[in-house]
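Data first, discussion second: the structure below is written as structure tokens.
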Amino acid sequence: MPGPTLDIVETDQNLPAKADVVIVGGGIIGVSTALFLAERGIDVVLCEKGTPGAEQSSRNWGWVRVMGRDEREIPLAIEALKIWDTLDARIGGETGFRRNGILYISENETDIANRDAWLAMARPYGVDSRQIGAEKTEALMPGAGIRYQGALHTPSDGRAEPQKAVPAIVAGARRAGARILSGCAVRGIERQAGRISAVVTEKGRIETSGVVVAGGAWSRLFLKGLGIRLPQLKVRNTVLRTSAVSGGPEGAGATGTYAYRKRLDGGYTIADGGANLHPVVPDSFAFFRDFQPARKAEGDSVQVGLSAQSWRELFEIGTVPLDRPGAFERHRVLDPQPDQHSALRAFDEARKALPSLREARVQQVWAGLIDVTPDAVPVISTVESLPGLIVATGFSGHGFGIGPGAGHLVADLVTGGKPIVDPTPFRLSRFSDGTPITIAPPV
């Protein structure tokens, strides 16, 4: 099942002998980090085993939001939105970013109460979110065929195009001096005297003293090869793309049964936030205790079952010597089988509410694997046991919108500059230092 089609972008061909920093992974976090490091004059090389942006960074909903986030993410999400505002001019490209607002649509009193609780927590951060009633909700969903009780509305939140953003940032990062290599898997890291001395790729060795692991769903396997424990699992979500339609809401919104986002091409991205599959893999057992609080909090929103991913990972538990190809080269792009049923069900629900979608046709359905942590908050962190290593992963389905902010923060950690926000909530050690795992309540 082919994934979404990304904008074509040129990448580099020649493997350099050395670099100040090597980034492992070419999703939105990795390429944003490359951009900010290159702008600071750092000699940075990014290695992507497949095509930049081809996994979850191009397969997500395309929301760019502060609304509904865990309190630990709010400051970084606010900074990320500021970066999105000027990102197109900065990189000389089109990411599709527009501030058209987002709605969390309320269908009952429980929804309203949950959103009141989030607002009470978020107000000190200066958010412009507010609860609106049925009439204002209807005005923001032109022609709505269902009268909802209201919504939590954030006018300053926005949307962007996942299939355009990473290629555009890649082009901007290269113009700033970064080298971006596609089809170049990093097999592992070499050390001397306890510090990083090089990365080993399928194309050769790059001398470096700094490495950023931004491998998304692959980060756990990569770090396992270094003896570093990262409690991270994968969750599949399916997305549907429609043909262009006339009318309809300009922004994005979600109910308990469907989510929508207007696209630049005039169509809509449709998904169901409650139709998520965690494929049972060996790590499901290794991290069983870590994820117990999340299982209790998620309820029915994440289902557990077997998939092709289950069998694939069963044979990839062990590490592979650096002089041999491994999983990173066997699987260039994660392209899981989509859940057609859930996507079409969400589309049917969306068409009941949005009459403009009744003329739409299904153009494509795809799925992606989301990298999740036990508390659904990312890891953006140095690693005490290996100086020079920084991990940026586990964005738990929130990574696209926060990506440029995360890239800025990673660059701050690499260079030792003043961080754009306090990185403490994102430290890797929170999963090993006795800190209780806390899950944000539903919004």
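Below are the figures for this structure:
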read-out: Subset of segment 341-385 [assigned to a helix (DSSP H, G or I), in contact with a helix residue (DSSP H, G or I) (Cβ under 6 Å, 6 or more places away or on another chain) and open to solvent by 10 Å² or more (accessible area, probe 1.4 Å)]; value: Arg351, Arg358
read-out: Count of residues meeting criterion [closer than 25 Å to Pro374 by Cα, in a strand (DSSP E or B) and open to solvent by 10 Å² or more (accessible area, probe 1.4 Å)] in segment 234-274; value: 8
read-out: Within segment 85-117, considering residues that are among the aliphatic types (A, V, I, L, M) and outside any strand (DSSP E or B), the one nearest to Tyr268 (Cα to Cα); value: Leu87
read-out: One residue from Gly68, Gly62 being closer than 23 Å to Gly256 by Cα, buried (at least 23 other Cβ atoms within 10 Å of the Cβ), touching a residue at least 40 places away in the same chain (Cβ under 8 Å) and in contact with a Pro (Cβ under 6 Å, 6 or more places away or on another chain); value: Gly62
read-out: Selection from segment 94-127 of residues that are among the charged types (D, E, K, R) and open to solvent by 60 Å² or more (accessible area, probe 1.4 Å); value: Glu94, Arg98, Arg99, Glu107, Glu109, Asp116, Arg123
read-out: Conditions (1) open to solvent by 10 Å² or more (accessible area, probe 1.4 Å); (2) aliphatic (A, V, I, L, M); (3) not in a loop (DSSP other than H, G, I, E, B); number of the one not met by Leu6; value: (3)
read-out: So Val333, is it open to solvent by 20 Å² or more (accessible area, probe 1.4 Å), over 20 Å from Val245 (Cα atoms), of a type in the set (A, V, I, L, M) and touching a residue at least 40 places away in the same chain (Cβ under 8 Å); value: yes
read-out: Any chance Ile42 is modelled with pLDDT of 95 or more and surrounded by 24 or more Cβ atoms within 10 Å (Cβ to Cβ); value: no
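Yes or no, residue by residue, for (1) in contact (Cβ under 8 Å) with a residue 24 or more places away in the chain; (2) under 25 Å from Ile78 (Cα atoms):
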{"site": "Asn100", "(1), (2)": "yes, yes"}
{"site": "Tyr104", "(1), (2)": "yes, yes"}
{"site": "Glu107", "(1), (2)": "yes, no"}
{"site": "Glu135", "(1), (2)": "no, no"}
{"site": "Leu140", "(1), (2)": "yes, yes"}
{"site": "Gly150", "(1), (2)": "yes, yes"}
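The values are calculated or read from the model by the stated rules, or taken from the named source; none is laboratory data. On a predicted model such as this, the values are computed, not experimentally measured, just so you know. In this analysis, Cβ positions are derived from the backbone assuming ideal geometry, glycine residues included, and neighbour counts consider all displayed protein chains. In case anyone asks, the SASA skips ligands and DNA or RNA and just uses the protein heavy atoms, side chains included. Shrake-Rupley method; radii C 1.70, N 1.55, O 1.52, S 1.80 Å.
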